[in-house]
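Here's the structure we're looking at; comments come further down.
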């Protein structure tokens, strides 16, 4: 190969390598086993519904309770939101 031909083929080789990597990543993403927690539907008191991962429910519940405690403490001190 002449030096100019070698330089011209490098971008094409890089393009093919990137395209192959992208195709492989897409294939793995679509065919990977489901490792995510099951999603559950939750609804608020005002009727807004949303999905949440089952594994996160205890963490979310704990955070909500903590926020409610902080708000109650703030109200006792006379602060309003």
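The values are calculated or read from the model by the stated rules, or taken from the named source; none is laboratory data. Model, not experiment: these values are computed from the prediction. We place every Cβ from the backbone using ideal geometry, glycine too, and count neighbours over all the protein chains shown.
Here are some notes:
- All of 16, 35, 52 fail the test of being more than 21 Å from the chain's Cα centre (by Cα) and modelled with pLDDT under 90, apart from 16.
- Condition met for residue 27 (modelled with pLDDT under 90 and exposed (fewer than 10 other Cβ atoms within 10 Å of the Cβ)): no
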